[in-house]
Amino acid sequence: MTTPQDPDNLPPQQPYAPAPPPLSESELAGHGGHGQLAGPEPKEVRLSFFLWLAGAILLVVSSVLVLTQRDLALEEARKAPPTPGVTPEQLESAVTAVLMFLVIIGVVLAALMAFFAFKLRAGRNWARITLTVIGVAVLLYHLFGFSLVGLVIVLVVAAAVVTMYLPASKAYFDSAKRVG
C-alpha cells in the first residue's frame, strides 16, 4: 500500500504555460470581454481589405483577358524554332492548355485573396501572413508577361500588403490575438 505523498501515485504534470496579458480597458470597452474585438478594424485594415478585393477582381479580369491573346500566343509559338514531331494541331492544343492553366491559376489566386481578405478583416493574423505569401505569388504570376493591367494588380497588392503591417494594423492583430 502506498501513501498519497508517494511520487508514483501523483498525476502527470502539465508543462507551465504563462497566461496571456490581460486586456486593457479600451479592448474590453463595450464588449464585456467575451471573445470579441475592442471595436471595428482600423482604417488601415479596412483599406487593405478593399485593396485585396480590388486586386482579386482585377486578377480575374486579367486572367480572362489572357484568353483573348490566344491567336497572338499561337502566332508566336509558330515563329519559334520547330520542335521535331510536334504537329500544328498539337501546338495549338499546347498553347490553349498553357493559357487555360494561366487562367485557372489567376482565378484560384483571386479566390484565395478574397477569402483571406475576409479573415484579415476579422483580425486573423494567420490570414495576414497568408495574404503576404499570396501577394508574392501574384507578383511571380505577373512576371510571365508584362501588361498594364498586371502592373496595376501588382501595385494594388503591394499597397494591400504594406497597409497590413502599419502600426495601427499591428495593434489590431495583437488585440485579436489576446482576445483569442
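Give me the percent of accessible area attributable to carbon and sulfur for region 51-142, probe 1.4 angstrom.
About 75 percent, which is the carbon plus sulfur part of the accessible surface.
Tell me, what ³J(HN,Hα) does each residue in region 50-57 have, in order and in whole Hz, if you take phi through Karplus 6.51 cos²θ - 1.76 cosθ + 1.60 with θ = phi - 60° and put x for Gly and Pro?
Here the 3J(HN,Hα) series is 5, 5, 5, 5, 5, x, 5, 5 Hz.
How about region 75-175: which chymotrypsin sites (Phe, Trp or Tyr not before Pro) there lie in a loop by DSSP and see at most 15 other Cβ atoms within 10 Å?
Here the sparse-neighbourhood loop sites are F144, F146, Y165.
Please list 3J(HN,Hα) in residue order for region 58-66, calculated via the Karplus relation 6.51 cos²θ - 1.76 cosθ + 1.60 where θ = phi - 60°; whole Hz, with x for glycine and proline.
4, 5, 5, 4, 4, 5, 5, 5, 4
The values are calculated or read from the model by the stated rules, or taken from the named source; none is laboratory data. Keep in mind that what you see is a predicted model, and the values were worked out from it rather than measured. We place every Cβ from the backbone using ideal geometry, glycine too, and count neighbours over all the protein chains shown. Only protein heavy atoms, including side chains, enter the accessible area calculation; ligands, DNA and RNA are left aside. Shrake-Rupley method; radii C 1.70, N 1.55, O 1.52, S 1.80 Å.
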